[in-house]
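*Asks:* Would you mind keeping the following structure in view while I ask a few things?
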Amino acid sequence: MTAPHESALFGEVPVLIVRPGGADGAASRGKATALPTVVWFHGFGADKERHLPELQRFAAAGLLAIGVDAVGHGQRRLPDFERLVARSPSASAALFESLLAQTVAEVPRLIDTLVDRGLSDPQRIHVAGVSMGGCIVYGAIVADRRVGAAAALLGSPAWLCPDGVDFPLDRFFPTALLSIAAENDTVVPPAAAQALHQLLVPAYARQPDRLRYRVIPGASHLMLPEQWAGAVGQASAWLSRF
């Protein structure tokens, strides 16, 4: 049986909320408890509804699952999104990075709302996402130190260091970071995520179990169903562990 879900608006941010089993009953009796939470970010051109199965899976693992429509997507999709994306590769890339950065900038206010409304335990707030959402995950860690654990699927942190600027390495530890890459990904090549993990090893020397980089052999950016199920399972287990 899948958990029920509800739509909400956190300020200007449209979200989809899936509560773990038992949480709805407690809330209806006026006994709502702040829960461990995962905030999920979708890929470029997608929306929060597309990932309802993943949100349901996180909720089944005991997490309050919050799906977010990135800036320019879903309920706030740009009216000329397709035309903007169809422009030159450089213009499309600029749009991608702009929407990505704007979404990351919303993360602190989003966490504030989750905590202020009594929905989320401020000591157990996690983030996860795929593709553009995976890129957002790296930015969210840098943007808000309250992120306790993170799972970046098929994402890249390269946008955090434009023009040769160094990675903001001091912003990652002690966040428990799992990155999952596809071996044959040509859309979001895994090199940047792998390089970041190598750079972070010294920072996690005291707690190396909080840093993990995994590659799905033979997988491309559009993974097979069984590969995707395995990746989401790893992400769910990682977030539940922390």
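The values are calculated or read from the model by the stated rules, or taken from the named source; none is laboratory data. Source: prediction; values computed, not measured. So basically every Cβ, Gly included, is an ideal-geometry build from the backbone, and we count neighbours across all protein chains shown. These area figures cover heavy atoms from the full protein model, side chains too; ligands, DNA and RNA do not enter into them. Shrake-Rupley method; radii C 1.70, N 1.55, O 1.52, S 1.80 Å.
*Asks:* Can you spot a residue in the range 128-141 that is in contact with a Pro (Cβ under 9 Å, 6 or more places away or on another chain) and open to solvent by 30 Å² or more (accessible area, probe 1.4 Å)?
*Replies:* No.
*Asks:* If you don't mind, there's one more thing I want to ask. Output the number of residues of the range 146-160 satisfying the condition of being under 15 Å from Phe173 (Cβ atoms) and not in a strand (DSSP E or B).
*Replies:* Residues of the range 146-160 under 15 Å from Phe173 (Cβ atoms): 146-150, 157.
Checking which are not in a strand (DSSP E or B) leaves us with 146, 157.
Of the residues in the range 146-160, 2 are under 15 Å from Phe173 (Cβ atoms) and not in a strand (DSSP E or B).
*Asks:* I would also like to ask the following. Mind checking whether some residue in the range 55-62 is modelled with pLDDT of 95 or more and in contact with a Phe, Trp or Tyr (Cβ under 8 Å, 6 or more places away or on another chain)?
*Replies:* Scanning the range 55-62 turns up at least one residue that is modelled with pLDDT of 95 or more and in contact with a Phe, Trp or Tyr (Cβ under 8 Å, 6 or more places away or on another chain).
*Asks:* Which is at pLDDT 95 or above, over 15 Å from the mean Cα position of the chain (by Cα) and over 22 Å from Ala229 (Cβ atoms), of Leu160, Leu200, Leu169?
*Replies:* Sole residue among the options that is at pLDDT 95 or above, over 15 Å from the mean Cα position of the chain (by Cα) and over 22 Å from Ala229 (Cβ atoms): Leu200.
*Asks:* Now, a different point. In this structure, is Ala101 in a helix (DSSP H, G or I) and either surrounded by 24 or more Cβ atoms within 10 Å (Cβ to Cβ) or without any contact (Cβ under 8 Å) to a residue 40 or more places away in the chain (or both)?
*Replies:* On the way: in a helix (DSSP H, G or I): yes; either surrounded by 24 or more Cβ atoms within 10 Å (Cβ to Cβ) or without any contact (Cβ under 8 Å) to a residue 40 or more places away in the chain (or both): no.
Judged against the criteria, Ala101 is not a match.
*Asks:* Filter the range 172-189 for residues that are farther than 16 Å from Trp228 by Cβ and open to solvent by 10 Å² or more (accessible area, probe 1.4 Å) and give the result.
*Replies:* Phe173, Pro174, Thr186, Pro189, listed by residue number.
*Asks:* I've got another one for you. Does Gly134 qualify as being under 17 Å from Val38 (Cβ atoms) and either without any contact (Cβ under 8 Å) to a residue 12 or more places away in the chain or touching a Cys at 6+ places or on another chain (Cβ under 8 Å) (or both)? Break it down stepwise before answering.
*Replies:* Numbers: under 17 Å from Val38 (Cβ atoms): yes; either without any contact (Cβ under 8 Å) to a residue 12 or more places away in the chain or touching a Cys at 6+ places or on another chain (Cβ under 8 Å) (or both): no.
No.
*Asks:* Right, next: Tell me the residue from Ala149, Ala181 that is under 16 Å from the mean Cα position of the chain (by Cα) and within 22 Å of Gly67 (Cβ to Cβ), please.
*Replies:* On the way: Ala181 fails: within 22 Å of Gly67 (Cβ to Cβ).
Exactly one of Ala149, Ala181 is under 16 Å from the mean Cα position of the chain (by Cα) and within 22 Å of Gly67 (Cβ to Cβ), namely Ala149.
*Asks:* Among the listed residues Ala143, Ala151, Ala101, Ala105, which satisfies the condition of being closer than 25 Å to Gly233 by Cβ and in contact with a helix residue (DSSP H, G or I) (Cβ under 8 Å, 6 or more places away or on another chain)?
*Replies:* Working: Ala143 fails: closer than 25 Å to Gly233 by Cβ; Ala101 fails: closer than 25 Å to Gly233 by Cβ; Ala105 fails: closer than 25 Å to Gly233 by Cβ.
Residue meeting the stated conditions: Ala151.
*Asks:* Sticking with this structure for a sec: Which of the residues belonging to the range 210-226 are touching a residue at least 24 places away in the same chain (Cβ under 8 Å) and among the charged types (D, E, K, R)?
*Replies:* Across the range 210-226, the qualifying residues are Arg210, Arg212, Arg214.
*Asks:* For residues that are in a loop (DSSP other than H, G, I, E, B), within 30 Å of Ser7 (Cα to Cα) and out of contact with any strand residue (DSSP E or B) (no Cβ under 8 Å at 6 or more places or on another chain), tally how many sit in the range 69-93. Lay out the reasoning, then the answer.
*Replies:* Step one: of the range 69-93, the residues in a loop (DSSP other than H, G, I, E, B) are 69-73, 77-80, 86-88.
Checking the rest, the ones that are also within 30 Å of Ser7 (Cα to Cα) come to 69-73, 77-80.
If we keep only those that are out of contact with any strand residue (DSSP E or B) (no Cβ under 8 Å at 6 or more places or on another chain) too, we end up with 71-73, 77-80.
Of the residues in that region, 7 qualify.
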